[in-house]
1. Among residues belonging to region 22-62 that are in contact with a Pro (Cβ under 9 Å, 6 or more places away or on another chain) and not β-branched (V, I, T), point out the one that is nearest to L326 (Cα to Cα).
2. For region 7-113, give me every one of the helices (runs of 4 or more DSSP H) that falls completely inside it and has 3 or more residues that are of a type in the set (V, I, T).
3. Restricting attention to region 44-64, which residues are touching a residue at least 60 places away in the same chain (Cβ under 8 Å) and surrounded by fewer than 20 Cβ atoms within 10 Å (Cβ to Cβ)?
4. Scan region 115-155 for residues that are within 16 Å of the ligand (Cβ to nearest atom) and either closer than 21 Å to I59 by Cβ or among the aliphatic types (A, V, I, L, M) (or both) and jot them down.
5. Could you check, for region 305-323, whether at least one of its residues is modelled with pLDDT of 95 or more, away from the ligand (no atom under 16 Å from the Cβ) and among the basic types (K, R)?
6. Can you pull out every residue in region 1-24 that is open to solvent by 90 Å² or more (accessible area, probe 1.4 Å) and touching a residue at least 24 places away in the same chain (Cβ under 8 Å)?
7. Need pairs with beta-carbon distance below 9 Å; first residue under 17 Å from A198 (Cβ atoms) and small (G, A, S) and within region 93-116, second away from the ligand (no atom under 16 Å from the Cβ) and not in a loop (DSSP other than H, G, I, E, B); sequence gap 6+ or separate chains.
8. Which count do you get for residues in region 180-216 that are open to solvent by 40 Å² or more (accessible area, probe 1.4 Å) and under 17 Å from V33 (Cβ atoms)?
Amino acid sequence: MGKAWSGRFQQATDPRVERFTESISFDARLAGVDIRGSKAHAQMLAAVGLIADEEAALIAKHLDEIGAEIERGEFEFRTELEDIHMHIESALIERIGDVGRKLHTGRSRNDQVSTDLKLYVRDAIDSVDSLLADVQAAFLSRHEVDADTVLPGYTHLQRAMPVMATHYWLAYCEKFQRDRERLADCRKRVNVSPLGAAALAGTSLPIDRQLTAELLGFSSVAGNSLDISSDRDFLAEYVFCMSLIAGHLSTWAEEWIIWFSTEFGFIRLPDAYTTGSSIMPQKRNPDVLELIRGKTARVMGAVTQILILIKGLPMAYNRDLQEDKLALFDAHDTIVACLELAPSIVAGAELVTDVINARLDDGFLDATALMEYLIKKGVPMRTGHETVGRLVALAESRNCRLAELDLSDFREACDLVESDVFGVLGTLNAVSALCSYGSGGRAAVAEQVAKWRARLGLAT
Ligand code: ARG
């Protein structure tokens, strides 16, 4: 069968041009959503009387059959048919002739591909959202094992203040929650129907765009055909959402890669998620985490790809837009692969509490607690900061901890200090003292655990 658009051409297309312009090698995965869109379109055509009800039913039946064949891998794709839309339409025409030739009434591939992409991205958002919820649940469940563990908190990767281990886990829950909220917000703009914008200007045929929108679950119909047929903002937004997820995953991966080093020794990773070296027999490498970190580059690159793709494009549809799918699918697949692995790694890891506890009083994690003790005694904050700075220097010169200084040392630095100072020193005392809302102290963390359990629908 010839090309659907061959009418005004006298020369056959150069086969190299066919290979250059095809998108079937990457857009075949839109088959399911393309068929959903076409069935809704056919049903609408019948509702407004542009085709007969029996014709719509015949179209729907054959579209379903074609869809099933594609799913079973029995459908033959041919480069000369360009893209998934042409493949499905020409298969339909092959099977039902003139009735099939009516499907594209009042529609263009331009609003069709945009509809397909929106349906695809809407499903993608829903599946990524549920994968994110699984990762959150895995982090939250660590509380059952790590509830009593205290970890050093870092800034600049230098020991700063102690926090309950769960505070780390819930920090990731928060980050992924924002990702989920961003996706939900992006979904609102995805969920506006382009179908019926046709090539760019709409149509003189009496189509019912409200009906196709309803049939496809869109919440509204786009008000400007020029805009919506050229709009790929939603792809830029979706891929940006993916890139922030990748950023969050890479922070987690990086942190655990550091903790997994001999220098830290804070964490054990399950064998199933580490790999060996081909030359050094002792090695156990955190390759999966490294790849999660590394794949961030692809996802972040995809945002740039889409932004550059749409820069300076005149309205409305331009063939450049065909390239959008490469960035979209790669970013989506990469994130899904990372999110599918993450919960098992999170759940399977073990904090090495012996190592963590043995070094917990290193690095003056209680210095801020001592400063706040002075503030509570009436010392101005800046003065307290200086005083504790001097005490830290003194302890360092004696190669000891703050808690190992004498009361006389403290009183020499500040005469408001009393023997109760020893009740605030030491990392465990310092973490116990943290009580502000959202802090890393035990009670504040417990409050957040309860909130997260309710939010994620997990048993208390
Ligand atoms: N394969 C094309 C794409 O993905 C479909 C739309 C083509 N439209 C056109 N007028 N050539 O963008």
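The values are calculated or read from the model by the stated rules, or taken from the named source; none is laboratory data. The structure presented is a predicted model; accordingly, all values stated were derived computationally and were not measured. All Cβ positions, even for glycine, are placed from backbone atoms using ideal geometry, and neighbour counts span all protein chains on display. For the accessible areas, the whole protein counts, side chains as well, though only heavy atoms, and no ligand, DNA or RNA atoms are used. Shrake-Rupley method; radii C 1.70, N 1.55, O 1.52, S 1.80 Å.
1. Going residue by residue through region 22-62, those that are in contact with a Pro (Cβ under 9 Å, 6 or more places away or on another chain) are 48-50.
Retained after the next criterion (residues that are not β-branched (V, I, T)): 49-50.
Details: G49: 38, L50: 36 Å.
Of everything passing the filter in region 22-62, L50 is nearest to L326 (Cα to Cα).
2. On the way: elements: 15-21, 24-27, 31-47, 53-71, 84-96.
Counting at least 3 such residues, we get 53-71, 84-96.
3. Filtering region 44-64 for residues touching a residue at least 60 places away in the same chain (Cβ under 8 Å) gives 44-45, 47-50.
Those that are touching a residue at least 60 places away in the same chain (Cβ under 8 Å) and surrounded by fewer than 20 Cβ atoms within 10 Å (Cβ to Cβ): A47, V48, G49, L50.
4. From region 115-155, those within 16 Å of the ligand (Cβ to nearest atom) are 115-121; that's our starting set.
Matches in region 115-155: T115, D116, L117, L119, V121.
5. yes
6. Kept after step one, since they are open to solvent by 90 Å² or more (accessible area, probe 1.4 Å), are these residues of region 1-24: 1, 8-12, 16, 19-20.
M1, R19, listed by residue number.
7. What qualifies is G106/M44; G106/L45.
8. Within region 180-216, residues that are open to solvent by 40 Å² or more (accessible area, probe 1.4 Å) and under 17 Å from V33 (Cβ atoms) number 3.
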